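Read the structure below first, then the notes.
Quick note: the coordinates plus some simple rules give every number you see, no bench work behind them. Not measured: the values here are computed from a predicted model. Here the Cβ is made from the backbone with ideal geometry for all residues, glycine too, and neighbour counts use every protein chain on show.
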Amino acid sequence: MVKIRLKRVGAKNNPVYRVVVADGRSPRDGKFIEELGTYHPVKKDEINFTLNLERAKYWVGVGAQPSETVASMIKKATKAAAVAA
C-alpha cells in the first residue's frame, strides 16, 4: 500500500522532515516515490510546514493513506487555501 508519511532528514536535536509518498514496505528514511513538502517541528510559527496540496489530494484520490500527522497537515493546508481564496 502507498502511504504519505514523514521522512527525517534533520540533524541531531534539530529534526526536519520531508513529506513523501512511499511504499508502505519501505523503511522510514528509505526509498520514496515523490516528495510533497517539508515540516519543521522546532519552528514556533503557526505555519511550520510546506505542502504541495494539489499533489497530496491527487495521491489521496488514488488510494494513498496519509499518516496522522500528514492528514492534519493536509487539513490545515486545505483550510488555509480556502481562507486565501
In Å and on Cα atoms, what radius of gyration and Dmax does the chain show?
12.8, 39
For the range 78-83, Karplus couplings with θ = phi - 60° (6.51, -1.76, 1.60), whole Hz, Gly/Pro x:
5, 5, 5, 5, 5, 5
Pairs of lysine residues in the chain - Cα separation under 25 Å, sequence separation of 8 or more or cross-chain
25
Most fluctuating of ALA64, ALA56, ALA11 in the GNM of the chain (C-alpha, under 10 Å) is ALA11
Here the gain from full extension of ALA11 to ALA71, 0.36 nm per residue of separation minus their alpha-carbon distance, amounts to 19.1 nm
Could you tell me which residue out of ASN14, ILE33, SER72 lies farthest along the dipole of the chain toward its positive end? Charges go on the beta carbon: Lys and Arg +1, Asp and Glu -1, centred on the Cα centre.
ASN14
